[in-house]
Amino acid sequence: MNMKSMLLGLVAATSMMVSTQVLASGGDMHLKHAEINVADQEQLLRGLTVFTDVCMGCHSAKYVTYKGLMDYPELGISREMADELRGDKALTSGMTTDLSPEDAKESYGKVPPDLSLIVPGRRGGADYIYSLLTGYTHDPAGKVADGNYNEVFPGHLIAMPDPLSWLDHDEADTADLEKQANDVSAFLAFIGDPHQNERRAIGGYVMGFLLLLALVLFLLKREIWKDVH
């Protein structure tokens, strides 16, 4: 293979990757900003409640175990709380929905995706999740049934019915629904990278050490070269 063919192949592969990412992300989307704090225990626990009460009706987070929830200090989950959440499931089992794949396909036409890594895996991250949950509206063309038209989802036709009942909600409920969307976005952002807070803390110490080391080296260099003109 000559150089020209290799370059053309590289360009084609890059174009396919970019196109795939654009399609996967829904192209040019205007996302709302999610107000989340993955170090806020109260928000994370509220998000866990929304996830187990609403999302787990269809979705799983199979890479997160009930024991794992106990191991994360940000959540502060006790054994009693984990037992209440898991029911008759094993402590080491993942957080899986009771909806079978067969029933999911019959009801929605497809199996709902696992949400363990949805935030790091989806362009827009938590902003995308928040925007999706608050993006249900009426189809301007009147072709898509209410509850299945979402202004953020690629193509706008979404199999997931409006989970928070955002469509046509009362104005008085707006703040509460936005809070629920923010909270579950925060929880999904946390479980997608549960060691991020620890990593940031370590990173702060490392940066402090490097700055101190740079200062020491600078003073040492100045001392060694002070007599050289």
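Tabulated results
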quantity: Some residue of the range 108-122 being at pLDDT 95 or above and of a type in the set (F, W, Y); calculated: no
quantity: Residue in the range 60-79 that is within 26 Å of L31 (Cα to Cα) and either in a loop (DSSP other than H, G, I, E, B) or not hydroxyl-bearing (S, T, Y) (or both) present; calculated: yes
quantity: Given (1) surrounded by 10 or more Cβ atoms within 10 Å (Cβ to Cβ); (2) at pLDDT below 95, number of the condition D227 does not satisfy; calculated: (1)
quantity: Filtered residues of the range 116-149 (kept if among the aliphatic types (A, V, I, L, M) and in contact with a Lys or Arg (Cβ under 8 Å, 6 or more places away or on another chain)); calculated: I129
quantity: Qualifying residue in the range 196-207 (condition: at pLDDT 95 or above and surrounded by 15 or more Cβ atoms within 10 Å (Cβ to Cβ)); calculated: no
quantity: Checklist (1) at pLDDT 95 or above; (2) touching a helix residue (DSSP H, G or I) at 6+ places or on another chain (Cβ under 8 Å); (3) surrounded by fewer than 14 Cβ atoms within 10 Å (Cβ to Cβ) applied to E42, failing item; calculated: (2)
quantity: Residue within the range 172-179 that is crowded, with 16+ Cβ neighbours inside 10 Å, in the same structural domain as G109 (by TED's automatic domain parsing) and assigned to a helix (DSSP H, G or I) present; calculated: yes
quantity: Filter pass, F209 being touching a residue at least 40 places away in the same chain (Cβ under 8 Å) and aromatic (F, W, Y); calculated: no
quantity: The one condition in (1) out of contact with any strand residue (DSSP E or B) (no Cβ under 9 Å at 6 or more places or on another chain); (2) farther than 26 Å from P113 by Cβ that P140 fails to fulfil; calculated: (1)
quantity: Inter-residue pairs, beta-carbon under 7 Å, first closer than 18 Å to E178 by Cα and in the range 151-164, second of a type in the set (S, T, Y) and part of a loop (DSSP other than H, G, I, E, B), 6+ apart; calculated: E151/T137
quantity: From the options D170, D183, residue that is of a type in the set (D, E, K, R), at pLDDT 90 or above and in contact with a helix residue (DSSP H, G or I) (Cβ under 7 Å, 6 or more places away or on another chain); calculated: D183
quantity: Residue pairs meeting the criteria (Cβ under 6 Å; at least 6 apart or on separate chains; first of a type in the set (A, V, I, L, M), in the range 62-88; second part of a loop (DSSP other than H, G, I, E, B) and surrounded by 14 or more Cβ atoms within 10 Å (Cβ to Cβ)); calculated: V64/S116; L69/L75; L69/I77; M70/I77
quantity: Residues of the range 105-150 that turn out to be buried (at least 22 other Cβ atoms within 10 Å of the Cβ) and among the small types (G, A, S), as a count; calculated: 3
quantity: Residue among D114, D127, D98, D88 that is assigned by TED's automatic domain parsing to the domain that holds V38, closer than 13 Å to L188 by Cα, of a type outside the set (G, A, S) and in a loop (DSSP other than H, G, I, E, B); calculated: D114
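The values are calculated or read from the model by the stated rules, or taken from the named source; none is laboratory data. All of these numbers come straight from a predicted model, not from anything done at the bench. Methodologically, a virtual Cβ is constructed for each residue, glycine included, from the backbone with ideal geometry; neighbour enumeration extends over all protein chains shown.
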